[in-house]
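K.L.:
First, the structure itself, so that you have it in front of you.
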Amino acid sequence: MGKRFAELAFTPLVKEQQRLHGSRQAYARVEQWGEPGDRLGPMEQEFIQERDGFYMASVTESGWPYVQFRGGAKGFLRVLDEQTLGFADFRGNKQYITTGNLEHDDRVALFLMDYPNQSRLKILGHAEVHEGDAEARKLMETLRVEGEKTPAERAVLVHIEAFDWNCPQHITPRYTREELEPLLGPMRKRLEALEAENRRLKAGLS
């Protein structure tokens, strides 16, 4: 964990809970001696570029947290530099809850999951929305993923304040069809070969 993430996340009440449960001393050392944790390194950048989806939390005008899933082709969440991410925001169910929330409060929290390897990256940042002008069109073209057919309505930039890697405990491994294909492909071929052999044997007995 970086110092910046601790600075933002460890409020007085959080620190009191850490004291009650015995973890405050360890996290105090992080706050004093940890890495800054506000600029994406090579490991974080590679991890982000391999994701095909993420969860983004925003805050409503009434103070409620709201979480929405954003998905697309692998790499649709683009690393623009060490402190900036960007993505083209596709047309969805037209509720516009996140879009409205960001007009009220631009703070966001991102959860990026790698279920097979039981890894997750948390990012805190400020979202900048571009829509309906030349700058928005330029950004959407830059962030567009080749082959994506869903229209993009806006471009969203996330200016990173802090990030943190979570421990793998309690992350249940899950696999996409793409991730399973290298294992299932040879099994399918073997099954097809066995079925063909079975048909030949049956034909020889008839």
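K.L.:
May I have the pair-distance distribution P(r) for segment 33-175, computed from all Cα-Cα distances with 10 Å bins from 0 and rounded to whole percent?
P.N.:
11, 41, 36, 10, 1
K.L.:
I've got another one for you. Per the 1.4 Å probe, what fraction of the accessible area of segment 57-206, in percent, lies on carbon and sulfur atoms?
P.N.:
Result for segment 57-206: 53 percent of the exposed heavy-atom area is carbon or sulfur.
K.L.:
Oh, and also: Which value, in Å² rounded to 10, gives the accessible area of E135 with a 1.4 Å probe and all protein chains present?
P.N.:
Its heavy atoms expose roughly 90 Å² to the probe.
K.L.:
Restrict the search to segment 94-164; then list the trypsin sites (Lys or Arg not before Pro) that DSSP places in a loop and that have at most 15 other Cβ atoms within 10 Å of their Cβ.
P.N.:
K94, R144, K149
K.L.:
Heavy atoms of the protein only, probe of 1.4 Å, neighbouring chains included. What is the accessible area of V67 in Å², nearest 10?
P.N.:
90
K.L.:
Based solely on its DSSP helices, what 222 nm [θ] is calculated for the chain when runs of n ≥ 4 H residues each add -39,500 (n - 2.57) and the sum is averaged over all residues, nearest 500 deg cm²/dmol?
P.N.:
After summing the helix terms and dividing by the residues of the chain, the value is -12500 deg cm²/dmol.
K.L.:
Using Cα pairs closer than 8 Å and at least 6 residues apart in sequence, work out the relative contact order for the chain, in percent.
P.N.:
Computed over the chain, the figure is 21 percent.
K.L.:
I've got another one for you. What trypsin sites (Lys or Arg not before Pro) in segment 1-79 are in a loop by DSSP, with at most 16 other Cβ atoms within 10 Å of the Cβ?
P.N.:
Those satisfying the criteria are R39, K74.
K.L.:
Over segment 1-87, what relative contact order in percent results from Cα pairs under 8 Å that are six or more residues apart?
P.N.:
For segment 1-87, the relative contact order is 26 percent.
K.L.:
Specify which residue in the list G125, Q49, L157 is farthest towards the positive end of the charge dipole of the chain, using unit charges on the beta carbon of Lys, Arg (+1) and Asp, Glu (-1), about the Cα centre.
P.N.:
Going by the charge dipole, the pick is Q49.
K.L.:
Still on this model: Go through K74/K138; K122/K149; K3/K138; K94/K122 and tell me which ones have a Cα-Cα distance over 25 Å in this structure.
P.N.:
K122/K149; K3/K138; K94/K122
K.L.:
To continue, here is another question. Tally Lys and Arg at +1 and Asp and Glu at -1 over the other residues with C-beta under 14 Å from the C-beta of V59: what net charge comes out?
P.N.:
Its environment carries a net charge of -3.
The values are calculated or read from the model by the stated rules, or taken from the named source; none is laboratory data. Since we're looking at a predicted model, the values are computed, not measured. Glycine also receives a Cβ, built like all others from the backbone with ideal geometry; neighbour counts cover every protein chain displayed. Accessible surface is based on the protein model in full, side chains and every heavy atom, while ligands, DNA and RNA are left aside. Shrake-Rupley method; radii C 1.70, N 1.55, O 1.52, S 1.80 Å.
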